[in-house]
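**Q** So that we are looking at the same thing, I have put the structure below in structure tokens.
Readers should treat all values here as calculations from the given coordinates under stated rules, not as data from a laboratory. Computed from a predicted structure; not experimentally measured. Positions of Cβ are generated from backbone atoms using ideal geometry, with glycine treated the same way; all protein chains shown enter the neighbour counts.
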Amino acid sequence: MLVDGEWRTDAFEATNDDGEFDRQTTTFRDQIKADDDATYPATSGRYHVYISRACPWAHRVAMTRQLTGLTDEISISVVEPVRYEDGWEFSDEYPDPLYDADYLREIYAKADSEFTGRVTVPVLWDREQETIVNNESREIMRMLNTEFEGSTGVDLVPADIQNEVDSLIDAIYGPINNGVYRAGFADSQEAYNEAVGEVFDALDHYESVLDEQRFLAGDRLTEADIAMFVTLVRFDAVYHTHFKCNRQAIHEYPNLWNYTKEIYQLPGVAETVNMDHIKRHYYMSHDHLNPKRLVATGPDLDFAESHDRDRLPAELPPALTDQRALADD
């Protein structure tokens, strides 16, 4: 992390005194608005997003950018998947397109030369003011959904169910999105047992929910499904083994597995998933969990195989149904 603008490898504590994983609160929380007079107006070509293909929080933003049709309006770049002691880094294969920086921490320091905090992805960067607008994935998702006019017409936050979507995102964050980390990074048996129990209680619950409805909020794809998908698509490859969430695999849950496959197969989603980056990041970055940095070879899953979700009604926009039909042909 950075401490008063200086890089430190001895300052961050991931767990509290009870051995429980303690996630740091993000720092940059400004907002883009669909208003020409706003400090950060929703202007095409002005903003850039730094992500890691490995990180589920960054993946949420990449998926939202793709599904809302903002790929031409907001540029994106990727860091190296493995994070060593110098933090997220750029390379010849994955360069910084704006400042030719070597490390993402340089981008944070450019925004605030005395910044104290962890250097995380995603980062929403303003080219004009040369600063970080926001590094909280949930808020960036919402800005992309509500403040820009994307080309596809996919509305992931329908106004009539926005409160329900927000409640669902809250509900899955603790036991599922963050729960796998609480299990994986626990420093005590008690903390691990509690976290992994909550993970599978929640997965069991949503397995039942998805037996009766197509998506988390009913018949419409929403931000809540994006938030759920980024955890589910990583689960069997890394969380099951690396984070010891091995009571059951996602591909052993009929509804959750078919739900994951359907979202993966929506137009544009598969290209946001890089399983090589995901596996290398988790197994090679967390040397305190995996000292030899060996990368597990399995499981061999096919997210593109057929699913059964068509048995349930859905209200999908033409941008998804038409393109999917073309892809199926």
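**Q** Along the positive direction of the dipole of the stretch 159-328 (beta-carbon charges: Lys, Arg +1; Asp, Glu -1; about the Cα centre), which of Ser306, Thr241, His286 reaches farthest?
**A** Selected residue: His286.
**Q** Considering only DSSP beta bridges with both partners in the chain, what is the antiparallel share in %, to the nearest 5?
**A** Numbers: 15 of 20 bridges.
Percent antiparallel among DSSP bridges in the chain is about 75.
**Q** Still on this structure, please answer the following. Longest exposed-loop-site-free stretch of the chain, with GluC sites (Glu not before Pro), DSSP loop and at most 16 other Cβ within 10 Å? Could you put the intermediate results ahead of the total?
**A** Working: sites that count: Glu13, Glu85, Glu93, Glu114, Glu128, Glu130, Glu147, Glu149, Glu305, Glu315.
Formally, the longest exposed-site-free interval is 150-304.
**Q** Could you compute the net charge surrounding Ala109? Neighbours are other residues with a C-beta less than 11 Å from the C-beta of Ala109; K and R count +1, D and E count -1. Mind showing how you got there, number by number?
**A** Details: positive: Arg105, Lys110; negative: Asp4, Glu6, Glu106, Asp112, Glu114.
So the surrounding residues net to -3.
**Q** Ranking Phe235, Phe303 by Cβ neighbours within 10 Å, fewest first, what do you get? The partial results should precede the final answer.
**A** On the way: Phe235 23, Phe303 18.
So the residues, fewest neighbours to most, are Phe303, Phe235.
**Q** Can you give me the Cα centroid spacing of the stretch 22-61 and the stretch 196-223 in angstrom?
**A** 27
**Q** Sticking with this one: Which aspartates and glutamates have a Cα lying under 15 Å from the Cα of Lys279, excluding residues fewer than 8 positions away in the same chain?
**A** Partners found: Glu80, Asp236, Asp287, Asp300.
**Q** Project the alpha carbons of the stretch 122-236 onto their principal axes and report the range along each, largest first, in whole Å.
**A** Sorted largest first, the three principal extents are 49, 38, 24 Å.
**Q** With +1 on the Cβ of every Lys and Arg and -1 on the Cβ of every Asp and Glu, and nothing else charged, how large is the dipole of the chain about its Cα centre, in debye rounded to the nearest 20? Please list the in-between numbers first.
**A** Values: 29 positive and 65 negative charges, 123 e Å.
Result for the chain is approximately 580 debye, rounded to the nearest 20.
**Q** Can you sort Arg214, Arg118, Arg29 by how many other beta carbons sit within 10 Å, fewest first?
**A** Working: Arg214 21, Arg118 18, Arg29 12.
By the 10 Å Cβ count, ascending: Arg29, Arg118, Arg214.
**Q** Using only Cα atoms, what Kirkwood radius does the chain have, in angstroms?
**A** Working: mean 1/r = 0.0487 Å⁻¹.
Averaging 1/r across every pair of different Cα atoms and inverting gives 20.5 Å.
**Q** Grab the other residues whose beta carbon is less than 12 angstrom from that of Arg280, score K and R as +1, D and E as -1, and report the net. Write out the running numbers ahead of the final one.
**A** Details: positive: Arg53, Arg83, Lys279, Arg293; negative: Glu80, Asp276.
Local net charge: +2.
**Q** Report D for the stretch 31-161 in µm² per second (integer): Stokes-Einstein, Kirkwood Rh on Cα pairs, 37 °C, 0.692 mPa s. Let's see the in-between values first.
**A** Values: Rh = 15.1 Å.
For these conditions, the coefficient is 217 µm²/s.
**Q** Right, something else. Rounded to the nearest 20 Debye, what is the dipole magnitude of the stretch 159-328 about its Cα centre when Lys and Arg each give +1 and Asp and Glu each give -1 at the C-beta?
**A** Working: 14 positive and 30 negative charges, 164 e Å.
Here the stretch 159-328 has a charge dipole of around 780 debye.
**Q** So which chymotrypsin sites (Phe, Trp or Tyr not before Pro) in the stretch 99-197 end up in coil per DSSP with only 15 or fewer other C-beta atoms within 10 Å?
**A** Values: sites: Tyr99, Tyr103, Tyr108, Phe115, Trp125, Phe148, Tyr173, Tyr181, Phe185, Tyr192; in loops: Tyr99, Phe115, Phe148, Phe185.
Filter output for the stretch 99-197: Tyr99.
**Q** Right, something else. Go ahead and set up a Gaussian network model of the chain, Cα springs under 10 Å, then flag whichever of Asp308, Asp37, Asp201 fluctuates most.
**A** Asp37
**Q** Only Cα pairs within less than 10 Å get springs; with that Gaussian network setup on the chain, which residue of Leu294, Leu256, Leu232 has the largest fluctuation?
**A** Leu294
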